[in-house]
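Quick notes on the structure that follows.
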Amino acid sequence: MMAKIQHSEVEVKGLKLHVAEIGSGSKAVVFLHGFPEIWYTWRHQMIAAANAGYRAIAFDFRGYGLSEHPAEPEKETMYDLVDEIVGLLDALNITLAFLVGKDFGAIPGYLTAAVHPERVAAVITLGIPFMLPGPSAVQNHLLPKGFYITRWHEPGRAEADFGRFPVKSVIKNIYTLFSRSEVPIAADDQEIMDLFDPCTPLPPWFSEEDLATYASLYEKSGFRYALQVPYRSLNVETGLSDVKVTVPALLIMGEKDYVINFPGMEDYIRSGMVKNFVPDLEIIYIPEGSHFVHEQIPEKVNQLIIEFLKKQIV
């Protein structure tokens, strides 16, 4: 089925984006990747959605993978990706779509649903609940200064850290570290890459072929845009207030995902506080699920996504 995925370049907001697509259903599902990912992270879900009768689309965000970089990456914010998502829907003549986002891809997914509800039938996110970018998006100050988001926010620091290794090693290190349930935090005399033990094998669900695919695309794009969006723009205000996501939503949360251990995160989700922003939210926990639950247990995640999509009357 991977061979049936079609690849094209689509111009959106003056940038050529790499778009992968499979299925010819009348209802479109657009998948939004996180870091250190590209469209390929959704391979299992794209095929499942196509088999269920949907048109499945995954693309590399601007500055990622095979998509073009904007002229001034350091001026970009998460909100630029909202315009990109809507622009892609326009370019593909899609009036209404389901959005599926994981990791930071969840944030522009929710924002698009909030600002353009007429374009979003429903939104599904993995590992990240609704978060509004701004100074309080992640409570960095409640974590040690070696917290990976704090480290990567500092201009030049991640570049120097990553630059010590081949791109393939950086991807392997991050994938392996982020598969654990512990929040990645470096000691004062360490960088984030130093947390990785070279003896640690790849997760069993992540093959050498998968690693090579990710590495080849990051070798092309580099990490410049990825460090800006999300890491160096996560605390930039969107200018929005009283944001509500009124469309139906599903949050799939792995209970071994390190993000649930961010300060206040588990309480925000389990207490239902998140429903103040996303009233029509269903939350499903996967006890053994990691940060990459969609690649780790694709059959389970595919089932949850398809069941939720089929419940929606569009």
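Going residue by residue through the range 245-266, is there one that turns out to be open to solvent by 40 Å² or more (accessible area, probe 1.4 Å), of a type in the set (Lys, Arg), modelled with pLDDT of 95 or more and not in a loop (DSSP other than H, G, I, E, B)?
Scanning the range 245-266 turns up no residue that is open to solvent by 40 Å² or more (accessible area, probe 1.4 Å), of a type in the set (Lys, Arg), modelled with pLDDT of 95 or more and not in a loop (DSSP other than H, G, I, E, B).
Could you list, in sequence order, all residues of the range 271-286 that are part of a loop (DSSP other than H, G, I, E, B) and in contact with a strand residue (DSSP E or B) (Cβ under 8 Å, 6 or more places away or on another chain)?
Filtering the range 271-286 down to residues part of a loop (DSSP other than H, G, I, E, B) leaves 271-272, 277-280.
Val278, Asp280 - these are the residues of the range 271-286 that are part of a loop (DSSP other than H, G, I, E, B) and in contact with a strand residue (DSSP E or B) (Cβ under 8 Å, 6 or more places away or on another chain).
When you go through (1) touching a strand residue (DSSP E or B) at 6+ places or on another chain (Cβ under 9 Å); (2) assigned to a loop (DSSP other than H, G, I, E, B); (3) open to solvent by 20 Å² or more (accessible area, probe 1.4 Å) one by one for Ala48, which number turns out not to apply?
(2)
Can you name the residue in the range 191-216 that is β-branched (Val, Ile, Thr) and not in a loop (DSSP other than H, G, I, E, B) and, of all such residues, is least open to solvent (accessible area, probe 1.4 Å)?
Filtering the range 191-216 for residues β-branched (Val, Ile, Thr) gives 192, 200, 213.
Checking the rest, the ones that are also not in a loop (DSSP other than H, G, I, E, B) come to 192, 213.
Details: Ile192: 2, Thr213: 37 Å².
Per the stated criteria, the residue is Ile192.
Within the range 169-190, can one find any residue that is part of a helix (DSSP H, G or I), over 19 Å from the mean Cα position of the chain (by Cα) and touching a residue at least 40 places away in the same chain (Cβ under 8 Å)? Show your work before the answer.
Step one: of the range 169-190, the residues part of a helix (DSSP H, G or I) are 169-178.
Subsequent filtering for residues that are over 19 Å from the mean Cα position of the chain (by Cα) retains 169.
If we keep only those that are touching a residue at least 40 places away in the same chain (Cβ under 8 Å) too, we end up with none.
No; the residues of the range 169-190 include none that is part of a helix (DSSP H, G or I), over 19 Å from the mean Cα position of the chain (by Cα) and touching a residue at least 40 places away in the same chain (Cβ under 8 Å).
Of the residues in the range 271-310, how many are closer than 21 Å to Val138 by Cβ, free of Cβ contacts under 8 Å to residues at least 12 places away in the same chain and open to solvent by 50 Å² or more (accessible area, probe 1.4 Å)?
4
Considering only the range 127-146, how many residues are touching a Phe, Trp or Tyr at 6+ places or on another chain (Cβ under 9 Å) and either open to solvent by less than 10 Å² (accessible area, probe 1.4 Å) or charged (D, E, K, R) (or both)? Don't jump to the end; show me each part of the working.
In the first step, residues of the range 127-146 are kept if they are touching a Phe, Trp or Tyr at 6+ places or on another chain (Cβ under 9 Å); the result is 127-133, 138-140, 142-143.
Add one more test, that the residue is either open to solvent by less than 10 Å² (accessible area, probe 1.4 Å) or charged (D, E, K, R) (or both), and what stays is 127, 129-130, 133.
Of the residues in that region, 4 qualify.
Is it the case that Thr238 is more than 26 Å from Asp60 (Cβ to Cβ), of a type in the set (Ser, Thr, Tyr) and assigned to a loop (DSSP other than H, G, I, E, B)?
On the way: more than 26 Å from Asp60 (Cβ to Cβ): no; of a type in the set (Ser, Thr, Tyr): yes; assigned to a loop (DSSP other than H, G, I, E, B): yes.
So Thr238 does not fit the description; no.
Hey, among the residues in the range 10-21 that are over 16 Å from Thr41 (Cα atoms) and in contact (Cβ under 8 Å) with a residue 40 or more places away in the chain, which one's most open to solvent (accessible area, probe 1.4 Å)? Talk me through it step by step, then tell me what you get.
Taking the range 10-21 first, the residues over 16 Å from Thr41 (Cα atoms) are 10-17.
Checking the rest, the ones that are also in contact (Cβ under 8 Å) with a residue 40 or more places away in the chain come to 10-13, 15-17.
Values: Val10: 19, Glu11: 119, Val12: 2, Lys13: 137, Leu15: 21, Lys16: 83, Leu17: 0 Å².
So, considering only residues that are over 16 Å from Thr41 (Cα atoms) and in contact (Cβ under 8 Å) with a residue 40 or more places away in the chain, the one most open to solvent (accessible area, probe 1.4 Å) is Lys13.
The values are calculated or read from the model by the stated rules, or taken from the named source; none is laboratory data. Since the model is a prediction, treat every value here as computed from it, not as a measurement. Quick reminder, even Gly has a Cβ in these numbers, built from the backbone with ideal geometry, and neighbours come from all protein chains shown. Side chains are part of the model used for accessible areas, which takes the heavy atoms of the whole protein and leaves out ligands, DNA and RNA. Shrake-Rupley method; radii C 1.70, N 1.55, O 1.52, S 1.80 Å.
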